[in-house]
Structure formats: structure tokens, C-alpha cells
Amino acid sequence: MLLDILKSRRSIRKFQNKEIEQEKIDTILKSALLAPSSRSIRPWEFIAVTNKEIINQLSQSRDPGSGFLAGAPLAVAVIADHTLSDVWIEDGSIAATIIQLTAQDLGLGSCWIQVRERFHKEQETAGDYIREVLGIPGQYRVECLIAIGYPAEEKKPYEEDMLKLEKLHYDRF
């Protein structure tokens, strides 16, 4: 059940030194392609990176905040053509969430690394740095990177009694 996946999904930043099976990577990427998008424009594209050298470069995209990516066997860059849709950010965010939920369902851990509106260095955005590392064309923007791998840390699932039910409203605020 999806609620159980949501309860157990936690941000994992430590990964086992174990490759992810290609079948699982393909499932994650196909799931991303099924993400809903405004007017079905689907402005997003995804770059799956398993090359350790490239992952190490990507792990330097933000300081601090992205260093743990170096230990992940898979990084997925969620990018979108901003000229196709004014809601590319929302569309990319939905797809990134589906990537994380699919990874969780496959027994993998993941963690979102925010890229948009973040900096690599004082004069260079994290997105520009990643675009250069991955050879991404100019009309594309980078929403985030998702680190994925077999977890090397355990985190307790969320419990329903921890939910802030006071944030739920019916009919009116």
C-alpha cells in the first residue's frame, strides 16, 4: 500500500557499496516517465548516472549539501525544458517524488539534493555546474539530483501518531 511506502521512506545518505541491478534502474526511470505533468507537456527528462567519476563530480555541485552523493551507486538528474512549460518546476518535482517512491518500493534508499536556486560557488549556480558536467543543453534547467542506492543506515519509519493532524482541514480552513 502506498501509505506504507510513504511511512517507510526516509532520506538515506549512506549507501552500501553495491551496484543497483539494471532492471531496477529501468523500473525507476520508466516510473518517472509516468509522472503526471501539467497539460501532459512532460517537459522533464532524466539522466541516470552510474559512472563513479561523474557521480563524484556531481557530489561537488553544492557545498554543503551534496557530498554524500559520492557514496551512491546511482544519481538521477531531474531536468526540464523551461521553454515548454511555465510549471516545469512543479512537473519536475512530481517526477522526482515518483523516483523516490519507486526506489523505496524496490528496497532502495534515496535522498533529494536540491539544485534549483542553489550555488556551486559564489558566481556559479549548482545547476550551471551540473549542466556542464552532464552536457545538458541550454534550454534545460536542473531541478534536483536524487541519490539512490542500497541503504547502509536504518531509519525508523514514520508512525501515524507523529502526524500533525491539525494541519488537515475539511471544507474550510
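With respect to being closer than 15 Å to VAL49 by Cβ, assigned to a loop (DSSP other than H, G, I, E, B) and open to solvent by less than 70 Å² (accessible area, probe 1.4 Å), ILE113 falls outside the description. Whenever a residue of the stretch 60-76 is in contact (Cβ under 8 Å) with a residue 12 or more places away in the chain and within 20 Å of GLU19 (Cα to Cα), its partners that are among the acidic types (Asp, Glu) and assigned to a loop (DSSP other than H, G, I, E, B), lying with C-beta atoms within less than 9 angstrom and at least six residues away or across chains, give the pairs PRO73/GLU19; LEU74/GLU19.
Within the stretch 48-71, not a single residue is farther than 21 Å from HIS120 by Cβ, open to solvent by less than 40 Å² (accessible area, probe 1.4 Å) and either modelled with pLDDT of 95 or more or in contact with a strand residue (DSSP E or B) (Cβ under 8 Å, 6 or more places away or on another chain) (or both). With respect to the conditions (1) within 21 Å of GLN22 (Cα to Cα); (2) open to solvent by 50 Å² or more (accessible area, probe 1.4 Å), LEU108 falls short on a single one, namely (2).
Remark: SER31 falls outside the filter, which requires a residue to be over 14 Å from ILE148 (Cβ atoms) and open to solvent by less than 40 Å² (accessible area, probe 1.4 Å).
I need the full set of residues from the stretch 121-152 which are open to solvent by 60 Å² or more (accessible area, probe 1.4 Å) and within 17 Å of the chain's Cα centre (by Cα), in order please. Of everything in the stretch 121-152, just one residue is open to solvent by 60 Å² or more (accessible area, probe 1.4 Å) and within 17 Å of the chain's Cα centre (by Cα), namely ARG141. Looking only at the stretch 157-173, residues that are touching a residue at least 12 places away in the same chain (Cβ under 8 Å) and open to solvent by 70 Å² or more (accessible area, probe 1.4 Å) come to 3 in all.
All of ALA35, ALA77 fail the test of being in a strand (DSSP E or B) and aliphatic (A, V, I, L, M), apart from ALA77.
The values are calculated or read from the model by the stated rules, or taken from the named source; none is laboratory data. Keep in mind that this is a model prediction, so the values were computed, not measured. Cβ sites come from the backbone with ideal geometry, for glycine too, and all protein chains shown count toward neighbours. What goes into the accessible areas is simple: the full protein's heavy atoms, side chains included, and nothing from ligands, DNA or RNA. Shrake-Rupley method; radii C 1.70, N 1.55, O 1.52, S 1.80 Å.
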